[in-house]
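The structure under discussion appears below in the form of structure tokens.
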Amino acid sequence: MNLLELPDHEKRIYQQITKLKKPEKQMLWHLIKKTNIGGIALYPKIEKEMIPLIKQKFIAINEIYQGEGFSFFILQKAPYLLRQLKKR
């Protein structure tokens, strides 16, 4: 991944992600892999590892979703970073 291509605010977000605890990083990575082209991932429930990700705004609950389980916006403030991570 080429961090030099990212906007400065997304570089800071990446640095914050590297400081997450391992279970939270694993959950974020899992959600990134499930993310569709619109930056949305579906998951059946809210896991305890998601709470810090929500608090730090790495993920956000999609309140208008009415299907089964939960819909999350993933790295909403870092779309270029999301694309770079999804390619890995």
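Points worth noting:
- Any pair with Cβ under 9 angstrom, 6 or more apart, that starts in the stretch 1-21 at a residue that is loosely packed, with under 13 Cβ neighbours inside 10 Å and ends at one that is part of a loop (DSSP other than H, G, I, E, B) and of a type in the set (Asp, Glu): Lys21/Glu49
- Residues in the stretch 35-76 that are open to solvent by less than 50 Å² (accessible area, probe 1.4 Å) and assigned to a loop (DSSP other than H, G, I, E, B): Thr35, Gly39, Glu47, Glu49, Phe58, Asn62, Gly67, Gly69, Leu75.
- If you go through the stretch 1-10 and pick out every residue that is over 17 Å from Lys87 (Cα atoms) and in a helix (DSSP H, G or I), you end up with 2.
The values are calculated or read from the model by the stated rules, or taken from the named source; none is laboratory data. Note that this is a predicted model, so its numbers are computed, not measured. Counting neighbours? That spans all protein chains shown, and the Cβs are built from the backbone with ideal geometry, glycine included. For the accessible areas, the whole protein counts, side chains as well, though only heavy atoms, and no ligand, DNA or RNA atoms are used. Shrake-Rupley method; radii C 1.70, N 1.55, O 1.52, S 1.80 Å.
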